[in-house]
1. Strands (runs of 3 or more DSSP E) wholly in segment 61-141 with at least 2 residues that are touching a residue at least 24 places away in the same chain (Cβ under 8 Å) and touching a Cys at 6+ places or on another chain (Cβ under 7 Å) - which ones?
2. Please go through segment 142-153 and give me each residue that is farther than 23 Å from ARG169 by Cβ and not in a strand (DSSP E or B), ordered by number.
3. Quick check on my filter: what residues within segment 138-173 are surrounded by 15 or more Cβ atoms within 10 Å (Cβ to Cβ), farther than 30 Å from LEU94 by Cβ and not charged (D, E, K, R)?
4. Can you find, within segment 20-47, the residue that is surrounded by the most Cβ atoms within 10 Å (Cβ to Cβ) among those that are within 15 Å of GLY99 (Cα to Cα) and of a type in the set (Gly, Ala, Ser)?
5. Any residue at all in segment 168-190 that is touching a helix residue (DSSP H, G or I) at 6+ places or on another chain (Cβ under 8 Å), among the small types (Gly, Ala, Ser) and either touching a residue at least 40 places away in the same chain (Cβ under 8 Å) or over 20 Å from LEU41 (Cα atoms) (or both)?
6. Quick one: SER122 ticks every box in (1) modelled with pLDDT under 95; (2) small (Gly, Ala, Ser); (3) surrounded by 20 or more Cβ atoms within 10 Å (Cβ to Cβ) except a single one, so which number is it?
7. Is it fair to say ALA25 is touching a residue at least 40 places away in the same chain (Cβ under 8 Å) and in a helix (DSSP H, G or I)?
Amino acid sequence: MEESDRAGEKRIAILGSGKGSNARAILEAEHCGKLGARIALILSDRPGVGILEVAGEYGVPARVVNPGTSRGGVLSDEALAEILRMVREAEIDLIACAGFMRILRDPLLSAFPGRILNVHPSLLPKYPGLKAVARALEAGEKETGCTVHLVDAGVDTGRILSQKRVPIRGGDTVESLTARIHEAEHQAYVEVIAGW
């Protein structure tokens, strides 16, 4: 795994589309000295979302990238070029997707081979893609969990780095189960990044 040239300091960009709970957990770990890296940039494809507020709370530069008009969660060529420009300017070593609801592809993937992470709310390879928690409940699973994995050209198909199991309780709803999965995600993601 590649080390930064800046006296061992690893610089991380977080990409997110929503509330920013994973970003907050990562930033809190950095604040407490448990991460061994610096969050240097936060990017979102949506203005006015919680992750941008989280960035402001921790004094991290944040930018919004227009995702373009591509369908199916695919970023436009222009959006990918803009993300690549910004992460290069910020001297980013590692990209962490945290609830980023867009599909990454080249040239970003080839510019950061093996250095883009994602966290997904299932025990991959089960339930990749959208609505993973609801699908696990509908299938009558006894447990689910979360997976931290490398991002590749597929959807949630990259090499698995860490998994945490979360039991499904009787009476669980998508909301109650999602809340417990988020707790597991926060722990797993911080562990993986700290060990990078």
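The values are calculated or read from the model by the stated rules, or taken from the named source; none is laboratory data. Since the model is a prediction, treat every value here as computed from it, not as a measurement. Note that each Cβ is placed from the backbone with ideal geometry, even for glycine, and that neighbours are counted across all protein chains shown.
1. Counting at least 2 such residues, we get 116-120.
2. Kept after step one, since they are farther than 23 Å from ARG169 by Cβ, are these residues of segment 142-153: 148-153.
Once the filter is applied, which keeps residues that are farther than 23 Å from ARG169 by Cβ and not in a strand (DSSP E or B), segment 142-153 yields VAL151, ASP152, ALA153.
3. Answer for segment 138-173, where residues must be surrounded by 15 or more Cβ atoms within 10 Å (Cβ to Cβ), farther than 30 Å from LEU94 by Cβ and not charged (D, E, K, R): just ILE168.
4. ALA23
5. For segment 168-190, residues touching a helix residue (DSSP H, G or I) at 6+ places or on another chain (Cβ under 8 Å), among the small types (Gly, Ala, Ser) and either touching a residue at least 40 places away in the same chain (Cβ under 8 Å) or over 20 Å from LEU41 (Cα atoms) (or both): absent.
6. So SER122 meets the others, but not (1).
7. yes
Yes/no per residue for (1) surrounded by 22 or more Cβ atoms within 10 Å (Cβ to Cβ); (2) small (Gly, Ala, Ser):
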residue: GLY72; (1), (2): no, yes
residue: ASP77; (1), (2): no, no
residue: ARG88; (1), (2): no, no
residue: ARG105; (1), (2): no, no
residue: ALA111; (1), (2): no, yes
residue: GLY114; (1), (2): no, yes
residue: ASN118; (1), (2): yes, no
